[in-house]
Amino acid sequence: MNKRLFAIVAFFLISVCIHADIDKYHRIFEIGFDADVWLSNNYIGIGDILTKDIVIDATDIADNIDSKGLVFNLFASGKTFANLNLPKINIGFFAGLSTEGRFGLGKGLFEFLGYGNDIDEVITFDATASGSAFAEMGMSFGMKIDRFRFKVTPTYFVPVVYLPESSASVSFQAKSDGSIRAGKTDGTLGSYTLYSAVSLDEDVSDDDKSSQFEEALSKNGGFDLKLDFEMALLRGLDVGVTTTIPILPGKLDYSMTQSVTGYAVIDNILDGLVENQEIDYDSDCDTTDAEYDEKAGYKVRRPLRFGLLAAYRPWGDWFSLYPYLGIAAKGIWSDDSTKVFPEYSMKMSLSLLEILGTSLFTSYRSQIFAQGVGFMFNTRVIEFDFAIASCSSNFLHSLMLNGLQVSLGARIGF
């Protein structure tokens, strides 16, 4: 009994004393993949959709969404990699794809549907959209010196398609003379310019588009540089600094621009409803012919990021806390508008002999809140990782299943 107790205590003390990096390596050599999919909004819950009778309450939406309106977000990424993890040196290679999109309906639409409007009041309905897709490849090199670890990760990326934030608006007015005006009789409701690595003109052949894409891969890529520094501050506590710096922008040579025009006019709706007269109306909705540009030269940089992170293992590797606090700037030093926003995450992880593991996490990354749980199964030769989370651009709604994040990963090696 005493020997067994001594062995348990010795194992516990040794696990506390062993230095642990923020990200532990489980294999000397490994290949694998990671994939993430996020789909979220800031109002509609999964339970609202999985019902027999779907009810849309415009008044409730108007009362509960913020000034941005009803916003939908989509993100998907996939990456393959190979890593060599030696005691003092780490080398990795990776390649991947990522895409994201955002669509929003202005709050004014739901205020009108829920509460109506006053006579002669002009109400404006807005809609916004943006999106992007990137291909990337790169390598990482890390070195450990005493209590310190340095890592540098240069990444070459190619923008495949990019839609800067575009907007459209429709005005609506019910006048005291019984007429209704909607849209714009002398202007556009909105316009957009979509940038691409290849021509969007349908008259361009597939062979020519393939040549354009090959040229974009070799000549139009951008360059990011990620720097990581970690140190063992105390026993069981490792701290670090990480930053991703957009060095060179990627470029998109091709673009397509279109505008949407439309209006509707009803002159005698009251007479038509009360006296059964014929209602006079006029309406039109159309899109302009697409304008193509083969020398757009639109520059895109990926976000600038800076953050502080740590790993705290007070009782050994079986219990870990991973806090992160940072800031990001999107669209910096590029042709797009700049947005600056904070980021954070906190993960609590439990591990049984590094074979079975589970974790709880909360985060705010890329302007999306997430609350989730993760699982890990590791046999040294092969490892599987899975995480699922509720997510939303609104914190409270991220607790109510207004969106879903699913992450999968697998590694094999020795």
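The values are calculated or read from the model by the stated rules, or taken from the named source; none is laboratory data. Since the model is a prediction, treat every value here as computed from it, not as a measurement. Note that we place each Cβ from the backbone using ideal geometry, even for glycine, and neighbour counts take in every protein chain shown. All accessible areas refer to the heavy atoms of the entire protein, side chains included, with ligands and DNA or RNA removed. Shrake-Rupley method; radii C 1.70, N 1.55, O 1.52, S 1.80 Å.
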Loop chymotrypsin sites (Phe, Trp or Tyr not before Pro), the stretch 296-400, which have at most 11 other Cβ atoms in a 10 Å radius of their Cβ (DSSP): Trp315
Computed E for Asp36/Ser337 - FRET, C-beta separation, R0 22 angstrom, nearest 0.05: 0.30
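How much length, in nm to one decimal, is gained on full extension between Ile180 and Leu352, taken as 0.36 nm per residue of separation minus their Cα-Cα distance?
Values: separation 172, 0.36 × 172 = 61.92 nm, distance 6.82 nm.
Net length gain for the segment: 55.1 nm.
Taking a threshold of 26 Å on the Cα-Cα distance, which of the pairs Lys251/Lys330; Lys24/Lys347; Lys79/Lys295 fall above it?
Details: Lys251/Lys330 16 Å; Lys24/Lys347 15 Å; Lys79/Lys295 31 Å.
Beyond 26 Å between Cα atoms: Lys79/Lys295.
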Convex hull volume of the chain per residue (C-alpha atoms, cubic angstrom): 194
Rounded Å value of the spacing that divides the Cα centres of the stretch 62-139 and the stretch 286-340: 12
Spacing of the two label points (7 Å from each Cα toward its C-beta) at Met231 and Ile245, in nm: 2.0
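Give me the extension gain from Phe386 to Ile145: residue separation times 0.36 nm, minus the current Cα-Cα distance, reported in nm with one decimal. Walk me through the intermediate numbers first.
On the way: separation 241, 0.36 × 241 = 86.76 nm, distance 3.25 nm.
Roughly 83.5 nm would be gained on extension.
Longest segment of the chain with no trypsin sites (Lys or Arg not before Pro) in a DSSP loop having at most 15 other Cβ atoms within 10 Å? If you can, show how the numbers build up before the last one.
Working: sites that count: Lys24, Lys52, Lys68, Lys88, Arg147, Lys175, Arg235, Lys295, Arg380.
Free of exposed loop sites, the longest segment is 296-379.
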Using a Förster distance of 35 Å, the FRET efficiency for Ser210-Thr188 (Cβ separation, nearest 0.05): 0.55
Accessible area expressed per residue, the stretch 318-366, with surrounding protein chains retained (probe 1.4 Å, Å²): 56
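For the stretch 270-414, with only Lys/Arg (+1) and Asp/Glu (-1) charged at the beta-carbon, what is the dipole magnitude about the Cα centre, in debye rounded to 20?
Numbers: 12 positive and 18 negative charges, 412 e Å.
It works out to roughly 1980 debye.
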For the stretch 132-261: rounded, prolate or oblate by the Cα gyration tensor [a/c cutoff 1.5]: oblate
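Given contacts defined as C-alpha pairs under 8 Å and at least six residues apart, what's the relative contact order of the stretch 86-208, whole-number percent? Don't skip to the end; give the middle numbers.
Values: 229 pairs, mean separation 30.8, N = 123.
Over the stretch 86-208, the number comes to 25 percent.
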Positive-pole candidate from Phe213, Ala95, Tyr254, dipole of the chain, charges at beta carbon: Ala95
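Explain nothing, just the number: dipole magnitude of the chain about its Cα centre with +1 on each Lys and Arg Cβ and -1 on each Asp and Glu Cβ, in debye rounded to the nearest 20.
On the way: 34 positive and 54 negative charges, 843 e Å.
The calculation lands at about 4040 debye.
Of all accessible surface on the chain at a 1.4 Å probe, what whole percent is carbon and sulfur?
On the way: 14650 of 23310 Å².
Its accessible area is 63 percent carbon and sulfur atoms.
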Tyr25/Ala76 FRET efficiency (R0 22 Å; Cβ-Cβ; nearest 0.05): 0.20
Length added when fully stretched, Ile327-Phe103, from 0.36 nm per residue minus Cα-Cα: 78.3 nm
Distance (nanometres) between label positions extended 7 Å along Cα→Cβ at Ile46 and Leu84: 4.2
